[in-house]
Every structure is written in C-alpha cells, then in structure tokens.
Amino acid sequence: MANSRVFTESTVGSYRPQAGIITKIRLENFMCHSNLQIELGDRVNFITGQNGSGKSAILTALCIAFGCRAKGTQRATTLKDFIKTGCSYAVVCIEIKNQGEDAFKPDIYGDVIIIERRISESTSSTVLKNHQGRRVASRKEDLRELVEHFNIDVENPCVIMSQDKSREFLHSGNDKDKFKFFFKATLLHQVDDLLQSIRKQLETAIFLVRDLELSIEPIVKELNELQGKIKNMEHVEEISQQAQLLKKKLAWSWVYDVDKQLQEQTAKIEKLKDKILACQTRIDRQLGKMEELRDCLTKKKTQTACMIERTSEVRRMKDELQQSLSLATKERLELQEEHSRKTNLIQRMVKRVKLLEQQMQDIHEQHIKNTQAEECEMEEKLKELQDEFDATNLTFTRLKEEESALSKRLSMGINEIEKIVSEIEDNEKKHREILSYIRDLRLHQTNKVTAFGGVRVTSLLQAIERHHQRFKRPPIGPIGSHVTLVHGEMWALAVENAIGKLLNAFIVTDHKDSLLLRGCAREANYNHLQIIIYDFSRPRLHVPNHMVPQTNHPTTISVIQSDNPTVMNVLVDMGNAERQVLVRNYDVGKTVAFDQRISNLKEVYTSEGYRMFSRGSAQTILPPNKKARTSRLCGSYDEQIKNLERDALNVQEQAQEGRGKKRNVEEGLQGLKIELQSAKRRCMNAERDLMSKKLALQDVKNSYAAESSSAPASTVDELRPEISKVQDEIQEKEMLLEKLLVRMNEAETKANNLKISFENLCESAKGEIDAFEKAERELMQIEEDLRSAEAEKIHYEGMMNNRFFHEIKEAEGQYQELEHNRKESYKKASIICPESEIESLGGCEGSTPEQLSAQLSRLNQRLRHESQRYAESIDDLRMLYEKKERKILRKQQTYQAFREKLNACQEALELRWSKFQRNATLLKRQLTWQFNGHLRKKGISGHIKVSYEEKTLSVEVKMPQDASNNTVRDTRGLSGGERSFSTLCFALALHEMTEAPFRAMDEFDVFMDAVSRKISLDTLVDFALAQGSQWIFITPHDISMVKQDERIKKQQMAAPRS
C-alpha cells in the first residue's frame, strides 16, 4: 500500500487535466429523476444511496448520451420508456472537458463540450454544444466522431459496468460469460465483428463481380461465335484461293494432257509404220515363196502329165478287167444261188415222191402212220429253222444294243461338250464381268462418286452445277458419297445390304427442288433416280436409348458417320438404320433375330451377307446375293482390285482348261462316231439276214399248212398220176440243173481267169501307179502351199491396206486435231496464268484433268454451300467483332479491376485477421501477466486460460497456504473473500489493458462481505488513483471505510420518496 501511495503522490504531482472526462451530468424527466445535476471530480467519484434512489439511472444516462440504443442498456426496449411517468420528454445533458493535447476540435468547441440528448414520445435528438452553450452539431456522425476520438465505448464493460454486467461477468463462475467479458473489454469482439462483417461484404462483392462476369458470358459466347464465323469465312476465302489454284492447274493440265496424248499418238504412228514395214516384209517373203512354188508346180504338172500318159492305158485295162471281174463274179453268184434253189426244189420233189410212195405202201396200213411221220419231219425242220431264226434275232438284238450303247455314249459325249461349252461361256462371261468391275473400281478410285450410280452421277452433278442457282438449297447426294465407315471395312458388306438401296439417292429440301432435280436427271439421261424430300434445317436426331435395340452388337447407325446431319437423319427416318443390328456370323444372327426377343429390332445382317427378320410368328432368312459385289463404302479399292485380278486369272485358267477338255472329248467322240457307223452297218447286215430267215421259216410253215390241209385218205389211183407227174418234173429239173451246173462251172472258170489277169496287170503296173499317186499327192501339196502363201499374202495386204493405212490416217488426223487442241488449250491457259507460275507451284504431275475437274467441282460446291451459310461479308463481321470486342473489353477490364481490388481487399483482410489473431494471443498473455501482478500483492499466484476456439476463459488460483500445491480451477471453490479478490484482480487486469477517459462501475460489491468489500475498495481506489483516468463507483453500501483524499469525491443520493 505504501508503494501505491508513493505512486499516487508522484502521479498527482504530474497530473494534467485530461480531455474527455465528465465534469457534470444533468438529468431532466429521465427515469425516476425530475431534475438531477451532479458534478464529478477528475479522478475518483463515489455515488452512494439507497436502492431506488436513481443511482443506476446515472450510468444509463451516460450510455444514452453517448449514442447507445435503449436495448443496449438492458433497462428498456425503446427510448420513450426512459421518460418519467407523467412527462412528455426527457433530457440528458453531459459536460466533457476538452483540454490538453487530446482535445477534440478545440477551436470549435472550446474547453468544454456539452452533449444534450432530448427524448420525446416520437423522436429523439442529440445536440453538440460548445463551452458557451451554442449548438455546433446535431448529426449522429458528429457524435460518433467524438466518441471515436475519445475512445468512449459505453458498451464495453471496462468503460461502463452496469448492474447486469457486473452480475453477469464478475460474479459468474461460467467460463463462457468470463470469455464474453474479456472479449468485449479488450475490444476483440468489436474487431472480430468488424472483420466478419467485412468478410461477408467481400463475399457479397465477389458474388456480385461473379454475376457481372457471368452477365457478359453470352456476349463473350456471341463474340466467339463471330470469331468462328470469321474463321469459317477465312476458310471460305482459302477454299476460293484453292479453287483458283485448281483452275490454273486444270487449265495447264489440259495442255499437258494433250502433250501426253501427242506423245502417245506419235508412238502409235511409229508403231503402225513398223507394223506396215513388217507386213511388207512378210508380203515380199510370201511373193518369193509363191514364185518358187509356181516353178515347182509347173515342173510337177509336166511330170504328172507324162506319168498320166504312161498310166492311162494301164488304168483303162485295169478298169475294164475290174469291171469284167465284177460281172463274172456277180454272174457266178447268181448261178450258184439259182443252182441252190433248184437243188432244194428237186430235193423237195424227191421227198414228195418218196412220200407218195410211202403213202401208197402204207395206204392199207393206215393213213395215220404216214401223216405222223411227215408231221415229225416237218416239225424237226421247223424247229431247225426256228433255232436259226432265234440265233439270228439274238445277234441282231445284241448289235442293236451295241448300237444303242454307242449312241448313248455319243449323246453323253455331246451333252458333256455342251456342258463344257456352257462352262467356258460362263467363265468367259464371268471374266468379262470381273474385268468390267475392275474398270469400275479404277474409275471409283479416280472419282468415288461414280460408285453410287456410275458415270451418270457425274453428268447429273454437272447438270446440278449448271442449275445450282435455281435450287432453294443445293441437293445432297449421292448419299453414299457422304457416308464413311467408322471401324474399318469389317461391316462393309453388312452395311451395304442394310442401306444399299439408299446410297444412290439424292436429298432435296422441298417438292420444287425435287422437280428441278428430276429435270436435271433427265438432262443427264439418269432415269429412275431416287429422290428423298427432307427438311435440311432439322438438327441431328438424337435417338433415345429406349428406342434402339438393347444389345451389345452394333447397329448400322453406330458403324457409319457423316459430316452432314441431314444424311444421318434420312438414314434414321427412311432406312431405320438405328434398328438394324450387325452380327459377325450366321449362328449369332439367328440367336439375336429369333431367340433373344429384342425390342425395337427390325432386321439383323451378318458380315457374310445374310438378312434375318421376323414378322409376327413368321421367321425369314434371306441368303447372300451371289451377284452382289463388295461394298461401295470401302475406303480403298486396291485390295479389291488385286483380289479381282486374281479371280479373273483363275477364271481364265478354268476357261482354258475347259477348252482343252473339250478338245479331248471331241477326239473321243470322233472315234465313237466311227464305231457307231460300223455298228450300224453290222446291224443292217444282221437285219437282212434275219428277214431272209424269217421268210424261209414262213415258207415252210405255209407249205406245212398246205400239205396238212390235203385229204389224208387218198386212194392209190389218185396217188399214181401224181407220182408220175412229180417224177417227170424231177427229170426235167435235173436236166436243167445239169445245164445250170455247166454254165456255173464256165462262169467260175471265167471269173478265175479274169482275177488272175487283173492280179497280173496290177502287179505289173504297181510301180508306175505308186509313182503317179505319189506325184499326184506332191502336186496337191504344192497347190495347197501355194494357196496358203497366196492367202497369207492377201491377208497381210488386206491388213496393210484396210487396217494399218486406215489407222495411220486416223492417227495422223487425231495428231493434227490434238496439235490444234494444244494450241487452243495453251492459249487459254496462258490467259489464266503463265506456265512459270504452275512450274513454281510444283506442276500438275500425278493428277489428271478429270481428277482436277472433279476436285474443282467439289470445291466449288463446297464454296457455294459455305458462302450461302453467311449472308454478311467478312469485313462486316470483322467490324462487328471489333465493336463488340471493344465493348466487352472495357467491361472485362472494369470487372478485372474489381476483381483485383477485391483480391487486394481479401489479402488485406487476411493480413488484418492474422494480426487480429496475433493481438488476441498477445492480449491473452498480457491478461495473465496483469492478473498475476495483482494477485502477487496478496501472495497469491494464478493463471488465465483463454480458448478462442471454444470461447471459454478459465481462472486458476493457487493459494499460498495450500500445502497440497493443488490449483483451484473454479473460483467457486474459494472462500468469499478470495473469490472476490481474484475476480477483482481479473477485472483490474482487464481495465489495465484498455484505455478510456472515464470508467464507471455500478454495484460491483453487491455480493461481497464487509471484509472483502474493504479489501476490494482499497484495491480499487489505489488502482484508480494510480491508473490516472476518471472513475465513477456507484454502490448502495457504506463507503466510510474508504480513505480520505482530495482526489476522491463522495456524493450521497437523496433517499427515494415513499
């Protein structure tokens, strides 16, 4: 205490008036006071009085005067509640010293500042007056400026501690209440609220800037679209430049093409001249050969004529002998045949006589025996003749069967030849078709469009090019030229089978364009062109997943792609490409098409070309089309051409094998024909023999029938004349037979003589005849060689005159025409650009005029299509883009500046927040130091733990007499005096950490006993006197124990009226 007094005395000696202390308080009609005026000392002021005397109203008036709200006083909800009952207004007037270095605008207010707050039923006002009582200011901002200048925070419990705050903070054992007290007293609460408010405002500003940035995104998007249009227009200009370059190349390519044709024609003429020279050489060779053959023929004819003269007499004699020999042989054979017939007749007549005689002998025995013997003989003869007839008939039948077998073999050989010929024709036809298809594929390599309609499509596209201005929208087609495969050529055949009928079609936007396209097709001689009308403005169709087949296999629409959405839409709407499933093989196709019952499935196509679908209960499988060629959607035709060339070679080899087989069969047929003719001759001879046997058998049967019909029972008288007659006939026939035998011997002798003479003549003339026949054959061979040489000479003369001379003439005419065309082409090309320019660009090598023309047509079509998309010019688009870019750039710069400022504010806020946290940590340490400093005055030590995260403040006190060395963590565990002293030390530590011109405490000792109050009052007074600011203590208790000092002013409030 002595130290404190010394400190106080030294302080008093150096004390100077402080700005901001309160000198006078005047209350009028405020709460319970009608008119109260209190003058306060500069240092320590005690105001005592009974309860209800209006002590606390003084602190409430201070709060109201310095701008606190009614709720902030915790005594009322509105300001009008502070007006004394029965009055219409209330006035709070406070005088503040304004002296010294910290004076607030002393030139305006002077030494004293008067704050007057007037409250009525409806309004309230605050007026700032100078030392003369004149009004200086009345705005809240002026009051706030004054309060901030003097650092008067009436809501800070270390500046004004009302009854409620005293009970809430000082006498509460709750750590959170103590933390609130500490947080408010050190102004950390105010700084924290301010920083949090700034953070929220920054977040709001950031969101606002973000909204502003989002608001310009449509303009940025529009700007990007304009930039895209400009790029597209620049691309159109590039296409135009490419088209101009192609025009130049095309013009000179015609010149170079004509040069190439001229070289070809020159080579062709030279080749034809060489052929004419070769023909003339062969003609001269044949003429020399013909001369030699003619000389040889003349000599051979002379030799043959001499030999003819020598052999003519021999030939005549030979012919005469051969004729006589033939006649003699014929006569001999006729006589032999007649002799045989007569001999047979005589034998029959003899037998007849014997028969008659036997009849006469047996006439008495019985006519039956004679008849039986004759019948047996006749039957034996008939049986013999029948056996001969059967043998001959068997031979004839065998020969007939042999002839039939040969005929059948011949017919089979002919059928085999016809079959081989048919196979050869089929192979040749197939070879021609393959060659034709190879030519088509090579044409497709040059121009892919021709794969979808042939050369007619090129003519149709040229017609469309000529009439393009008449179309509302350029037609799209053929569809196949706009479609490509995604996964290589694995599904090429399946896709061809699925949508092949649409690949040749064209698409137009309305019926008028359809009629115009039909006219172009007639002009190009393209009949039956498939035209599809479709809206070009429709975007690409999006097929939902529930409308496509639910399968892992690809669909037609998934394996193709096209840059044109209209083409894809047509394939979906017209071709159902999204409902066509593609599979690898036949078995998988059957499973997908018929077993799995997949919804939205229309058809299944396999990679081999099978097509499968079901309609109701009917299941249909269509086999691959054997005539169908490979897909036209293939990216490259080289491999197909190689395969087709191999197929053509195989077909050609098969045809050659068929021709060899045909020759072998024809040779075999020739032998069969000879055998058949021989068999026919043998069959005819056997047939004649059979007929003669048949006639002989018939004669015997007739004779037997005639003899059987005669009467068996004749008398002897009847038989004798007949026997005599027959015997006479036999004698007559025997005489004739003897004569015939003599004639036959003579004829045979004559024939033998003639044969011997003929053989002798032939033997003697054989050498001359053989020589003559040899000469005759040589003569015929010479004549044949001469005819062949003459025919070959005529052939080469015909080729030379009718073919080569004509071809040379035509080639020379074409050469002249080509020279004329070259001059014209060169003239036109020179007008377009000089040749040096084309040479500098690399020339036209590797491209034909047709290819360049096709490329130019595609570029022009693309150029027109791209040009029609944009109505504005590129300069207008660039101006519009620059205008919008400037506009958006200003906004972007402004928003960027906002963003930079907000970032700077954010950085400053973070810096201040880190400083705030650092200051909070320092204040926590300072509070502990100050608290221990005050506790040490009584030999007590302690510690204050502050948790900003949990918002708690705990006080730990260690008493000196505590032998257990345990720390009391809860002040409620202390005695009353110890708890009051420790709480007071905590409050003083907070006061020491804050600055204010005045401080006020109301009923701070209400819960203390007399001893604790005495210790606390002494401590407070010493601290107040040492601290140097103005202190106002309000208490209802007796303050007589407070020491007397000129710096301490005590005032007693009047007792309340009963």
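The values are calculated or read from the model by the stated rules, or taken from the named source; none is laboratory data. If you're wondering where the values come from, they're calculated on a predicted model, not measured in any experiment. Glycine gets a Cβ as well: all are built from the backbone with ideal geometry, and neighbour counts include every protein chain shown. Ligands, DNA and RNA are stripped out before the accessible areas are found, and what is left, the full protein with its side chains, is counted by its heavy atoms. Shrake-Rupley method; radii C 1.70, N 1.55, O 1.52, S 1.80 Å.
Per residue, the average separation of C-alpha pairs within less than 8 Å and at least 6 apart gives the chain a relative contact order of 25 percent.
The accessible area of E839, taken with all protein chains in place and a 1.4 Å probe, comes to roughly 120 Å². The DSSP beta bridges internal to segment 453-631 are antiparallel in roughly 60% of cases.
Taking the Cα centre as origin and putting +1 on Lys and Arg beta-carbons and -1 on Asp and Glu beta-carbons, what dipole magnitude results for the chain, to the nearest 20 debye?
On the way: 163 positive and 160 negative charges, 1687 e Å.
That gives the chain a dipole magnitude of about 8100 debye.
Computed about the Cα centre, the dipole magnitude for segment 422-575 is approximately 600 debye when only Lys and Arg (+1) and Asp and Glu (-1) carry charge, each at its Cβ. Secondary-structure-derived ellipticity at 222 nm for the chain, considering helices only, amounts to -22500 deg cm²/dmol, per-run term -39500 (n - 2.57) for DSSP H runs with n ≥ 4. Here's the picture: charge each Lys and Arg Cβ at +1 and each Asp and Glu Cβ at -1 in segment 453-631, and of I476, H528, Q596 the one pushed furthest to the positive end of that dipole is H528.
At the residue level, D1038 shows approximately 100 square angstrom of accessible surface with a 1.4 angstrom probe and all protein chains present.
Taking Lys and Arg as +1 and Asp and Glu as -1, the other residues whose beta-carbon sits under 11 Å from that of L250 total +2. Taking a ≥ b ≥ c as the square roots of the Cα gyration tensor eigenvalues, with a/c under 1.5 meaning rounded and otherwise prolate when a/b beats b/c, else oblate, which class fits segment 453-631? It is prolate, given that a/c is not under 1.5 and a/b is the larger ratio.
Over 26 Å between C-alpha atoms is what I'm after, so list which of K725/K750; K71/K184; K80/K140; K501/K590; K271/K430 land there. Walk me through the numbers on the way to the answer.
Working: K725/K750 37 Å; K71/K184 17 Å; K80/K140 19 Å; K501/K590 24 Å; K271/K430 33 Å.
The pairs that break the limit, which is 26 Å between Cα atoms, are K725/K750; K271/K430.
Shape call for segment 77-227 from the C-alpha gyration tensor, a ≥ b ≥ c root eigenvalues: rounded (a/c under 1.5), prolate (a/b greater than b/c) or oblate? Walk me through the intermediate numbers first.
Details: a/c = 2.26, a/b = 1.65, b/c = 1.36.
Because a/c hits 1.5 or more and a/b exceeds b/c, segment 77-227 counts as prolate.
Among 993-1003, 99-109, how do they line up from the highest to the lowest mean number of other beta-carbon atoms within 10 Å? Write down the numbers at each step before the final one.
Numbers: 993-1003: 19.9, 99-109: 14.5.
Packing order, densest peptide first, comes out as 993-1003, 99-109.
Sorted largest first by accessible area at a 1.4 angstrom probe radius, with every protein chain in place, the residues F471, F898 fall in the order F898, F471.
Quick one: grab the alpha carbon gyration tensor of the chain, order the square roots of its eigenvalues as a ≥ b ≥ c, and give me rounded if a/c is under 1.5, else prolate or oblate depending on whether a/b is larger than b/c. Because a/c hits 1.5 or more and a/b exceeds b/c, the chain counts as prolate.
If you take every residue apart from W929 with its C-beta less than 11 Å away from the C-beta of W929, what net charge results, scoring Lys and Arg +1 and Asp and Glu -1?
Numbers: positive: K924, R925, R936; negative: E992.
After counting each charged neighbour, the total is +2.
Of all DSSP beta bridges located in the chain, what percent are antiparallel, nearest 5? Around 65 percent of the beta bridges assigned by DSSP in the chain are antiparallel ones. The figure for K725 is an accessible area of roughly 130 square angstrom, using a 1.4 Å probe on the protein chains alone. Put a dot 7 Å past the Cα of I533, heading toward its Cβ, do the same for K891, and the two dots end up 4.5 nm apart. Summing +1 for each Lys or Arg and -1 for each Asp or Glu, what net charge is found among the other residues whose Cβ lies under 15 Å from the Cβ of M568? Net of charged neighbours comes to -1.
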